[in-house]
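Engineer: Following this message is one structure expressed as structure tokens.
Computed from the coordinates by the stated procedures, all read-outs in this text should not be read as laboratory data. If you're wondering where the values come from, they're calculated on a predicted model, not measured in any experiment. Glycine also receives a Cβ, built like all others from the backbone with ideal geometry; neighbour counts cover every protein chain displayed.
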Amino acid sequence: MEDRLYIFDTTLRDGEQVPGCQLNTVEKIQVAKQLELLGVDVIEAGFPISSPGDFNSVIEISKAVTWPTICALTRAVEKDIDTAVEALRYAKHKRIHTGIGTSDYHIKYKFNSTHDEIIQRAVAAVKYAKKFVEDIEFYAEDAGRTDNEFLARVVEAVIKAGATVVNIPDTTGYCLPEEYGNKIRYLKEHVDGIDKAIISTHCHNDLGMATANTISGVINGARQVEVTVNGIGERAGNTSLEEIAMIIKCHKSLAVSTNINTTKIYPASRLVSSLMNMPVQPNKAIVGRNAFAHSSGIHQDGVLKNTQTYEIMDPKDVGIDENSIVLTARSGRAALKHRLQVLGIDIDGERLDKVYDAFLRLADQKKEITDDDVLMLAGADRSAGHSVKLDYLQVTSGLGVRPVASLGLNIAGELFEAAATGNGPVDAAIKALKQIIRRQMTLREFTIQAISKGSDDVGKVHMQVEYNNQIYYGFGANTDIIAASVEAYIDCINKFHH
Ligand code: KIV
Ligand code: ZN
């Protein structure tokens, strides 16, 4: 008999802490609905006290989603808990996730406190939260570097106080898989009342061990795993949902099962990548562009004879369908709407009209419109509130000529123009841009990526620009990569130019 393993998705909380990748409430709802389709058990929707945006997102996600439990994060502080309770008021199933640092680093340097006082604060927070919500998860921050004996005391005390789930985060991604697994087993064996609560893993990927640590936690008794789509998150990210779901599906010997509909994995991955403007590395397990691509002759020959020679998973099981319908200039509005729905985006009316117009313009430039193009188009109206907009761009470049760019910027309704030369067309265009926006900006990162294939493809550009000691992220997408680069730079500028 297989045990149920609960999937706790924190894409919208821990995942969303990636600098420059914040989503607005409408985008968060799209992700939450896709997570519901995927079958996650718990959606951590935000940290309500942290900002009005987070507070509002928890409210709206609670209204939009029916089946999963909606969870809100707090510190072990009464006003955080009060705010979370208020934000969760529309949730059909709700959970408060409260906690405190338990490692000596946190106790000494963050709280200037003592072990006993930390236990008192943990217990008080759980008891307080329990007055409002039945389902309480407690996190022992930096549990990965917390002494097991003390961790067991904390866990025992919070279960007694009413915690239904105990989360053991490896906050810094430090643990080795065996060490993390042993920690979970230690708690199973040494905490009185441990069977009254579910043990949860929460692993960060700083040393590339998040998935291995999570699986080691499951082998040793954890029955909830905290994950993000594409493994996104601060620094090196969190454990990736798709890796865990497919490991559980492929390895029956683990004797646990999840509620994940794995065929929804790929659409969820594309949606999150597109909305957050975070490219997925090509060799990323399960969802990377090359994850199922066999290029060596020996592999191709084997796969053609029998896919199982070199493939342990069927790409269709994760929702990759090479034969999925490709849209063209002849596709109607209904076909576009349907494709968007499959990809987790439900839009109608004026917004659909806008995306459809952009779709027709793109279909004029390239023969086949892929899912990635569609997602890019659906996110295209993010420049609506920008005060700086590109009015026109003209570039001359080639071999044996000095690249020249002239461009016009519409800044709050007024047109500004400039021209410049550079060592390439992008350099020339950015120099022209800087003549208009006279600020000390430095380009720190610049990546260009073709969305799928073909010389008529849309190029996506990601940029990081430093201004006033802060890094700003920008994104642009266009069949003209010079235009995409300028759009990305302007996207960065709009983050600080008001
Ligand atoms: O990594 C961590 O410790 C966390 C907690 C707030 C759960 O994200
Ligand atoms: Zn975390």
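Engineer: Let me check I've understood the local charge: for Ala418, count other residues with C-beta under 9 angstrom from its C-beta, Lys and Arg +1, Asp and Glu -1. What total comes out?
Structural biologist: On the way: positive: Lys431, Lys434; negative: Glu417.
Around Ala418, the charge tally is +1.
Engineer: Give me the extension gain from Asp147 to Arg439: residue separation times 0.36 nm, minus the current Cα-Cα distance, reported in nm with one decimal. Mind dumping the intermediate values first?
Structural biologist: Details: separation 292, 0.36 × 292 = 105.12 nm, distance 4.99 nm.
Gain on stretching Asp147 to Arg439: 100.1 nm.
Engineer: Within a Cβ distance under 11 Å of Thr262, other residues only, what is the Lys/Arg minus Asp/Glu net charge? Please list the in-between numbers first.
Structural biologist: Numbers: positive: Lys249, Lys264, Lys316; negative: Glu242, Asp314, Asp317.
Spelling it out: positives minus negatives among the neighbours equals 0.
Engineer: Here is a follow-up. Would you mind computing Rg(Cα) / (2.2 N^0.38 Å) for the range 338-428, counting N as its residues? Don't jump to the answer; show the numbers that get you there.
Structural biologist: Numbers: Rg = 17.3 Å, N = 91, 2.2 N^0.38 = 12.2 Å.
This ratio for the range 338-428 stands at 1.41.
Engineer: Shifting gears a bit: Can you give me the orientation-averaged projected area of the convex hull built on the Cα atoms of the range 3-275, in nm²?
Structural biologist: 12.6 nm²
Engineer: In terms of modelled amide H atoms, which long-range or inter-chain residues lie less than 5 Å from the amide H of Thr239?
Structural biologist: The answer is Cys203, Thr228.
Engineer: What fraction of the DSSP beta bridges in the chain is antiparallel, stated in percent and rounded to the nearest 5?
Structural biologist: Values: 36 of 71 bridges.
About 50 percent, rounded to the nearest 5.
Engineer: Sticking with this one: What ratio of Cα Rg to 2.2 N^0.38 Å holds for the range 210-282? Please report the intermediate quantities before stating the final value.
Structural biologist: On the way: Rg = 12.7 Å, N = 73, 2.2 N^0.38 = 11.2 Å.
Rounded to two decimals, the normalised Rg is 1.13.
Engineer: Here is a follow-up. Highest mean first, how do 366-375, 161-170 rank when packing is the count of other Cβ atoms within 10 Å averaged over residues? Each step should come with its number before you reach the end.
Structural biologist: Values: 366-375: 20.0, 161-170: 23.9.
Highest to lowest by the protection proxy: 161-170, 366-375.
Engineer: Cα atoms only: what Rg and Dmax, in Å, come out for the range 388-496?
Structural biologist: 13.5, 39
Engineer: Hey, another quick one. What ranking, highest mean first, results for peptides 101-108, 421-428, 241-248, 189-196 when packing means the other Cβ atoms within 10 Å averaged over each residue? Intermediate values should be presented prior to the final figure.
Structural biologist: Values: 101-108: 19.1, 421-428: 17.6, 241-248: 24.2, 189-196: 14.0.
Ranked from most to least packed, the peptides come out as 241-248, 101-108, 421-428, 189-196.
Engineer: Determine the dipole magnitude for the chain: charges of +1 sit on the beta-carbon of Lys and Arg, -1 on that of Asp and Glu, nothing else is charged, the reference point is the Cα centre, and the result goes in debye to the nearest 20. Spell out each step's value before the answer.
Structural biologist: Numbers: 54 positive and 65 negative charges, 106 e Å.
Roughly 520 debye for the chain.
Engineer: Would you list Cys21, Cys203 from fewest to most Cβ contacts within 10 Å?
Structural biologist: Numbers: Cys21 17, Cys203 28.
Starting with the residue having the fewest Cβ neighbours, the order is Cys21, Cys203.
Engineer: Summing -39500 (n - 2.57) over the DSSP H runs of n ≥ 4 in the chain and dividing by its residue number, what mean residue ellipticity at 222 nm do you reach, to the nearest 500 deg cm²/dmol? Mind showing how you got there, number by number?
Structural biologist: On the way: 15 runs with 185 residues, N = 498.
One gets -11500 deg cm²/dmol as the mean residue ellipticity at 222 nm.
Engineer: May I pose another question? Calculate, axis by axis, the spread of Cα positions in the chain along the three principal axes, and write the results as whole Å, longest axis first.
Structural biologist: That works out to 76, 59, 43 Å along the principal axes.
Engineer: Can you give the FRET efficiency for Asn259 and Asn410, using 1/(1 + (r/R0)^6), R0 = 56 Å, r = Cβ-Cβ distance, to the nearest 0.05?
Structural biologist: Numbers: r = 49 Å, r/R0 = 0.87.
That gives a FRET efficiency of 0.70.
Engineer: Right, something else. Please get the size of the charge dipole for the range 388-496, origin at its Cα centre, with Cβ charges of +1 on Lys and Arg and -1 on Asp and Glu, quoted in debye to the nearest 20.
Structural biologist: Working: 10 positive and 11 negative charges, 61 e Å.
Dipole about the Cα centre, nearest 20: 300 debye.
Engineer: Hey, another quick one. Can you give me the P(r) profile for the range 169-227? Cα pairs, bins 5 angstrom wide beginning at 0, each as a whole percent.
Structural biologist: Final binned percentages: 5, 23, 33, 24, 11, 5, 1.
Engineer: Can you give the Rg/Rh ratio of the range 1-59, where Rg is from the C-alpha atoms and Rh is the Kirkwood radius?
Structural biologist: Working: Rg = 12.6 Å, Rh = 12.2 Å.
Radius of gyration over Kirkwood radius for the range 1-59 works out to 1.04.
Engineer: Please report, in debye to the nearest 20, how large the charge dipole of the range 3-275 is about its Cα centre when each Lys and Arg carries +1 at its beta carbon and each Asp and Glu carries -1 there. All intermediate terms of the calculation are to be shown ahead of the outcome.
Structural biologist: Working: 30 positive and 36 negative charges, 129 e Å.
It works out to roughly 620 debye.
Engineer: Quick one: which residues, 5 or more positions from Gly424 or on another chain, have an amide H under 5 Å from its amide H? H modelled 1.01 Å from N in the peptide plane, none for Pro or chain starts.
Structural biologist: none
Engineer: Taking the Cα centre of each part, how many Å lie between the range 57-120 and the range 386-455?
Structural biologist: If you average the Cα positions of each part, the centres end up 45 Å apart.
Engineer: Using only alpha carbon pairs under 8 Å that are at least six residues apart, calculate the relative contact order of the chain and give it in whole percent.
Structural biologist: On the way: 995 pairs, mean separation 51.0, N = 498.
About 10 percent, as a whole number.
Engineer: In the calculated pair distance distribution of the range 38-104, what percentage of Cα-Cα distances lie above 19 Å? Before the final figure, lay out each step's value.
Structural biologist: On the way: 598 of 2211 pairs.
The calculated P(r) of the range 38-104 puts 27 percent of pairs beyond 19 Å.
Engineer: To continue, here is another question. Mind checking the alpha-carbon convex hull of the range 161-293 and giving the volume per residue in Å³? Walk me through the numbers before you get to the answer.
Structural biologist: Working: hull volume 16.8 nm³, N = 133.
Taking only Cα atoms, the range 161-293 has a hull volume of 126 Å³ per residue.
Engineer: Per-residue HN-Hα couplings for the range 416-430, Karplus 6.51 cos²θ - 1.76 cosθ + 1.60 at θ = phi - 60°, whole Hz, x for Gly and Pro?
Structural biologist: Each residue's phi maps through the Karplus curve to give 10, 10, 7, 9, 7, 10, x, 7, x, x, 5, 4, 4, 5, 5 Hz.
Engineer: Here's something else I'd like to know. If each residue's Cβ is checked for other Cβ atoms within 10 Å, how do Val65, Val85 rank with the fewest at the top?
Structural biologist: Working: Val65 22, Val85 19.
Sorted ascending by nearby Cβ count, the order is Val85, Val65.
Engineer: For Lys127, Lys28, Lys284, which order do you get if you count the other beta carbons within 10 Å of each Cβ and list the fewest first?
Structural biologist: Values: Lys127 15, Lys28 26, Lys284 19.
Ranked by crowding around the Cβ, least crowded first: Lys127, Lys284, Lys28.
Engineer: Please report the projected area of the range 94-209's Cα convex hull averaged over all directions, in nm². Could the numbers behind the result be given before it?
Structural biologist: Working: hull surface 26.9 nm².
Quarter of the Cα hull surface area: 6.7 nm².
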